[in-house]
Ligand code: SF4
């Protein structure tokens, strides 16, 4: 491209991101109204799943409203039954879904029992979703015990959505087992626009892709929610990210969020909501929007959120029968700050060790020799992530030069890998492409080595190696060994790097 | 022995604390948090018990905690050697994921968590926070840079520090979930310094923290540093966590 001589540094110092001080309605009227108004085309479909409009839920119709609200504020307002809220207010919020997993579930349950009594019942057995996913395929006794604890609790409480696994030797023998909680929540229809979802996992923010408020909480808070269905939350101010421009076909949502985190730093959004809008965001699939929201916590964000639209409603068809009510930011909503990004000018990125904001262009790191590649996790282990990796491998026709580990997020993703054809391959499935390229056989779905885990975890980094990974964190020791070095990257970049044994820009293969 | 102390200590529960966000101060709500008007009772547990356990920490809760006006846990002070870390200390460094199978509400697992605290720090930290084979630290006060506690939502992180015998962290800033978990569990005081002090203090320095005066005194270097007010969070930690606090205020049945 034209500005190439300076491109390396310029992409980074961001001429493409223009922060604007958050004036009241700094957002242009058109863009916000285009977001606000539900597309006519889809309205028929939506009607069938929407609740009848309830006036007490609509602050804007009460007449008392003086200032517009962001979509995050509106969700808080509905969930706290208040007509108007401002950032900084503490309100009791009714929780729509509480998710917990095998790592934090036992602790949350312990606190729940201790505080509410041994015979206490959870506030709503259909609103608690329990997903074993972290330490599953291990012989670690405590890890196995923890799954037993959440199983016993689920049975005792009649928890409706508990995705059990008993036979560790063959995950396919467990029809209820899903895998990584954030991906499973979406696939099983627990993510709905306008709702409040909390989970004992920091990447619970992933569900913001559905236009809902979703955030991670600790065990103690979760214990309280189990007993009461409520949580005292502070209304966050919103940072708005307007992403426009056509997305080049060598970029993925992972590049977009790495760009943003590199821009605002790992604490740039601490305590704040991050709202993603603009034509690029509208063009993203649900899985890509999930990637975008997944990593807001790496910028310190409380939640990430994308307005629901036809893509959202389509994804939800057949997944949930519950009514939901999307909300949208008002034209005069207040944003703490607004950032504009011209996506068409971005290049593939990585986050170098040991921080997700240690951004660099992939091509700047072409001399970094790597020992392995990891494709998996709630960030980069979804069906489309494997499709992307397969696309690069197919385009090259070559074999990978370093061990390449594939960890599908969920059982559904695993199935997709073995059944869905890769476009342009003459009908070959992803698994066939991976095999031909010499990747490791896709393993059982779970969090795997994304967070290290017990010593016998598949693909865990047990030596001081260099890994290109589609996961979300590269802090020291994150994937196992303290002196391991993790380069976070998109599935394109990860696959390209596997092919060369160095950090590699995927354009080397996609052109 | 200390098992009893632990179980009392881990009581906490709940809800909320959102109220206490470390960084955002623009729209402070009017006194919000429902908890604030409760008459304070002498705080019974956490701190006194910890004092017994960790003789090298001097924590002196003032007997009659009266003035409800100040939320700064009046009269409390901490004294001991400090352990100094840098920026972006994430929860994997505070407690490695493989130890998160430990359940903090089980007393002996709680104690074990303490023995693993800050073990994830890179080897460049030559002095270990907890010596191999030990369960407790020699350093009751941790001093850090910005964004302390970033990363996962694991409550094991503040619990591990508390279990190791460090009831207070002083950092430039915190990640949201860590801050909230610290307060919800009542395990540690997450204090913020007004200036960066992790460059000026060294591991092993003798330090006193006076909560009432929002002051950190480094006796080794002879320097003093102003701390930010702990705000709404103080009384909650003092009560021993959000559950104890919510009970006191009648928010949930005692
Ligand atoms: S895949 Fe990784 S980041 Fe996602 S929930 Fe599991 S451990 Fe956490």
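Computed from the coordinates by the stated procedures, all read-outs in this text should not be read as laboratory data. Only a predicted model underlies this, so the values are computations on that prediction, with no experimental measurement involved. Note: ideal-geometry Cβ built from the backbone for every residue, glycine included; neighbour counts use all protein chains shown.
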Over all directions, the stretch A:429-511 yields a Cα convex hull whose mean projected area in nm² is 5.8 nm²
Taking N as the number of residues in the stretch A:397-445, the ratio of its alpha carbon radius of gyration to 2.2 N^0.38 Å works out to 1.12
Mean Cβ-within-10 Å packing, highest first, puts peptides B:219-226, B:125-132, A:327-334 in the order A:327-334, B:125-132, B:219-226
Computed on Cα atoms, Rg of chain A relative to 2.2 N^0.38 Å comes out at 0.94
The stretch A:240-384 -> Rg/Rh from Cα coords, Kirkwood Rh, value 0.98
By the C-alpha gyration tensor axes a ≥ b ≥ c (rounded if a/c is under 1.5, else prolate when a/b exceeds b/c, else oblate), the shape of the stretch A:429-471 is prolate
Each residue of A:136-142 has, on average, a number of other protein chain C-beta atoms within 10 Å of its C-beta equal to 2
Note: residue A:310 to residue A:419 extended length (0.36 nm per residue) minus current alpha-carbon separation gives 36.6 nm
Residues A:467, A:365 in order from fewest to most other beta-carbon atoms within 10 Å are A:365, A:467
With T = 10 °C, eta = 1.306 mPa s and Kirkwood Rh from C-alpha pairs, the Stokes-Einstein D of the stretch A:350-510 in µm²/s is about 105 µm²/s
Least to most buried among A:155, A:190, A:511, B:79, by other C-beta atoms within 10 Å and fewest first, runs A:511, A:155, B:79, A:190
Expected integer from the mean partner chain Cβ neighbour count at 10 Å over B:121-130 is 1
1/(1 + (r/R0)^6) with r = Cβ-Cβ of residue B:219 and residue A:86, R0 = 60 Å, i.e. FRET efficiency to nearest 0.05, evaluates to 0.85
Check: C-alpha center the stretch B:210-254 vs C-alpha center the stretch B:126-157, spacing in Å is 19 Å
A student applying the Cα gyration tensor rule (rounded when a/c is under 1.5; otherwise prolate if a/b is larger than b/c, oblate if not) would label the stretch B:106-159 oblate
Taking the stretch B:77-248, the whole-percent share of alpha-carbon pairs separated by over 28 angstrom is 14 percent
Descending packing, highest mean Cβ count within 10 Å first, for B:233-241, A:119-127, A:156-164 is B:233-241, A:156-164, A:119-127
Residue A:246 and residue B:124 label points (each 7 Å along its Cα→Cβ direction) are spaced in nm at 4.4 nm
Expected sort for A:188, A:115 with the fewest Cβ neighbours (10 Å cutoff) up front is A:188, A:115
Evaluated at 37 °C and 0.692 mPa s, the Stokes-Einstein D of the stretch A:94-232 based on the Kirkwood radius over Cα pairs, in µm²/s, stands at 221 µm²/s
FRET efficiency (residue A:167, residue A:366; Cβ distance; R0 41 Å; to 0.05) is 0.40
So residue A:149 and residue A:441, fully extended at 0.36 nm per residue minus their Cα-Cα distance, gain in nm 102.0 nm
A correct Stokes-Einstein calculation for the stretch A:315-359, using the alpha-carbon Kirkwood radius, 4 °C and 1.567 mPa s, returns a whole-number D in µm² s⁻¹ of 82 µm²/s
The correct pair for the stretch A:249-298, radius of gyration to one decimal and Dmax as a whole number, both in Å and from Cα atoms, is 10.7, 33
Only helices counted: for chain A, with every DSSP H run of 4 or more residues adding -39500 (n - 2.57) and the sum spread over all residues, [θ] at 222 nm is -8500 deg cm²/dmol
Between residue B:208 and residue A:398, the FRET efficiency computed from the C-beta separation at R0 = 60 Å comes out, to the nearest 0.05, as 0.40
Chain A: relative contact order from alpha carbon pairs under 8 Å, six or more residues apart, as a whole percent, is 18 percent
From the Cα centre of the stretch A:172-187 to that of the stretch A:247-309, the distance in Å is 24 Å
